[in-house]
Amino acid sequence: MASRDPVRRVCLAYSGGLDTSVILRWLIEEYDCEVVAYCADVGQEEELEGLPEKALASGAVECIVRDVRDEFVSDYVYPAIQAGAIYEGVYLLGTALARPVIAKHHVAVARETGCDAVSHGATGKGNDQIRFELAFRALGPELQVIAPWREWDLRSRTDCMAYAEKHDIPVSATVKKPYSIDRNLMHCSFEGGILEDPWRAPEEAMFLLSQSPEAAPDVPAELVIAFENGRATSIDGESLSPVALLTKLNKLAGTHGVGRVDMVENRFVGLKSRGVYETPGGTVLFVAHRAIESITMDREVMHERDRLIPRYAELVYNGFWFSPEMDLLRATVEASQRNVSGEVRVQLYKGGVTVSGRRSPHSLYSEQMVTFEEDGGAYDQGDAGGFIRLQGLRLGGR
Ligand code: ARG
């Protein structure tokens, strides 16, 4: 341990679970430092009550819980929806989007409480360690980073349990968790356990935010979502804050079995991993947003933005939220959303979300131009002949 840089005070991202409870004590033992416990509320709905008491009982000098839900949805989820961000064609990035906001406040809390280091409980195999630490680097480069999972010799949950017992660390649940779950206002993810066999189907009992499409109501739900500049602002005429809107949509869409994804994805570290996601409200927003864009966005603007989607998603996934290239993409996406306002009608039914109408005061759609009926001379079909002749000039070899 002689090679470790000395630290006085460490700010630890703490959830109250087994891993971070063990890490808390381990930091004190190994680094002979003080630990400030920090927990961000991103809508994980875990027991936050009693968390400070638990942290103090485990040896923390202080525990700070930050409600970052508004900021998470408003500044991370909504921009990603505006971007149409989707990773490898299916993943709406629920975990990846929460990491930067958690890290941002982690740095702030560390500074406010006079810490010279930050620590987290992400393992050495995943994306989360990268997302946290790239954000630390961007926002708090003076802070030393301690990643116990890459450092200590505890190898398993059993090792952690033994450590907890040996050090009298209060851990509530001793039952083995069947999955690694990450939940927030946008989604719930499941990895590990039986899911490690990519052929094996998940058990229905695993899901937390959605009913199965089979169990969903036989009658579809219909709703109207309004957007202003690409940001959802109301449901069925009721104005709602981003958090309230997403919460409501999660419930509705979850009831109808919308937003389940089962995929094998490419982690930034180079591993392939199987993940199952529930993103009920986010899926509805993703679909509805594309529909309002379809009548309000210029074709070329849309296609430029669409070209950015894989890159935007990759940057979010790989943990580069706070980077110059991401600033550029965010500004570009924001500019693309100038006229993306209006209403979309969607139906939720048995796991599906279907658009059944869209309208906007900024609509670029012209019924008069496109009609199969008499258009009163709005569009001269004869023009199309020359248009095609010129397009085809260099084709056909003559
Ligand atoms: N594979 C997903 C991602 O990288 C979800 C990660 C979930 N994190 C967790 N600690 N269980 O975004």
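What the table below lists for this structure:
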| read-out | value |
| --- | --- |
| Yes/no for R131 being under 23 Å from I181 (Cβ atoms) and either open to solvent by less than 20 Å² (accessible area, probe 1.4 Å) or in a helix (DSSP H, G or I) (or both) | yes |
| All positions within the range 254-275 that are more than 10 Å from the ligand (Cβ to nearest atom), surrounded by 15 or more Cβ atoms within 10 Å (Cβ to Cβ) and of a type outside the set (S, T, N, Q) | G254, H256, G257, V258, G259, R260, V261 |
| Spans of helices (runs of 4 or more DSSP H) in the range 1-94 with at least 3 residues at pLDDT 95 or above and open to solvent by less than 10 Å² (accessible area, probe 1.4 Å) | 18-31, 78-83 |
| In the range 298-343, the residues that are acidic (D, E), surrounded by fewer than 14 Cβ atoms within 10 Å (Cβ to Cβ) and farther than 22 Å from A288 by Cβ | E300, E325, D327 |
| Residue in the range 191-219 that is nearest to the chain's Cα centre (by Cα), counting only those that are open to solvent by 70 Å² or more (accessible area, probe 1.4 Å) and either within 16 Å of the ligand (Cβ to nearest atom) or among the aromatic types (F, W, Y) (or both) | L208 |
| Residue match in the range 170-185 (condition: among the charged types (D, E, K, R), more than 16 Å from the ligand (Cβ to nearest atom) and either in a loop (DSSP other than H, G, I, E, B) or open to solvent by 40 Å² or more (accessible area, probe 1.4 Å) (or both)) | no |
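The values are calculated or read from the model by the stated rules, or taken from the named source; none is laboratory data. Note that this is a predicted model, so its numbers are computed, not measured. When we count neighbours, we look across all protein chains shown, and the Cβ atoms used for this are built from the backbone with ideal geometry, even at glycine. For accessibility, only protein heavy atoms count, side chains too; no ligands or nucleic acids. Shrake-Rupley method; radii C 1.70, N 1.55, O 1.52, S 1.80 Å.
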